[in-house]
1. Between the stretch 179-204 and the stretch 133-147, what is the separation of their alpha carbon centroids in Å?
2. Could you report the accessible area of residue 62 in Å², rounded to 10, computed with a 1.4 Å probe on the protein chains as they sit in the structure?
3. For an R0 of 22 angstrom, estimate the FRET efficiency from the Cβ-Cβ distance between residue 73 and residue 150 and round to the nearest 0.05.
4. Probe of 1.4 angstrom, ligands and nucleic acids ignored: what's the accessible area per residue over the stretch 63-210, in square angstrom?
5. Starting from the 7 Å offset along Cα-to-Cβ, what nm value, one decimal, do you get for the label separation of residue 180 and residue 138?
6. At a 1.4 Å probe radius, which order do 183, 138 fall into by accessible area, largest first?
7. Taking all protein chains in place and a 1.4 Å probe, what share, in percent, of the accessible surface of the stretch 129-178 do carbon and sulfur account for?
Amino acid sequence: DRTVRVAGPDHGREEDRPRPAPREVAGTDTFRVHSEIKTPSLAYARAFAIAAPYRHFASKSELLVAVVDAFYDDWEELAYRPTFAEVSSDWWERERERIRLTVEFHYDHPLGPIMQQRLLGDAEALRRQRLRSDRQVKGAVKNVARGQALGRVPAHIDAEMCGALLMGGVSQALHSAMTRKRKMSRTRVASTLQRFMQRVRCIDDQARRA
């Protein structure tokens, strides 16, 4: 890990401190507070007054970019990289598991609601977030094409448009579900997203069973 020079607690004395892992920062009150405050400027003012972990980084932007990357890395490691061959030999059943795990991840992660609200309020962090989101859309496009090759998604579906619709829909749905006054249960959110994705892809389970 990189070590940076920071102001120590005793009258500006400098000391070497290890740079914290972004995952550790994301779990602190500095970021949890965002879920309680809707205005980004107020969130930052209170958050960095609580812990100010960005002193371990070159800038606040660098900290937020690192946290964005850690969030997406963990999400993809859980829900996108595994093949889920142990779940089912059917492509759509494996996709249902990806959806379920995506919902679980957002509900369990301290930054789950924040990442979908786009409240980071930092140009560099937002740029990185868009890049990571675009990468997920490209992955979704390839996945729709894979479903078509396996005969589970009809050939008339436009893979590029479908992939963008799926990932954008997931983002907006999670935002809505997690920020309302009475947060929807994760089970209901997962089942709703599964049905949505099935309809967008025109997957016909009855025809398959027949």
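The values are calculated or read from the model by the stated rules, or taken from the named source; none is laboratory data. What you see is a predicted model; the values in this text were computed from it and never measured. With ideal geometry, Cβ positions are generated from the backbone for all residues, glycine too; neighbour counts draw on all protein chains shown. Side chains are part of the model used for accessible areas, which takes the heavy atoms of the whole protein and leaves out ligands, DNA and RNA. Shrake-Rupley method; radii C 1.70, N 1.55, O 1.52, S 1.80 Å.
1. The stretch 179-204 and the stretch 133-147 have Cα centres spaced 19 Å from each other.
2. Probe radius 1.4 Å; accessible area of residue 62 about 50 Å².
3. Values: r = 28 Å, r/R0 = 1.26.
Result of the calculation: an efficiency of 0.20.
4. Working: 7690 Å² over 148 residues.
Ligands and nucleic acids excluded, the result is 52 Å² per residue.
5. Roughly 3.5 nm, to one decimal.
6. Numbers: 183 105, 138 140 Å².
Sorted descending by solvent-accessible area, the residues read 138, 183.
7. Working: 1570 of 2640 Å².
Summing carbon and sulfur atoms, their accessible area is 60 percent of the total for the stretch 129-178.
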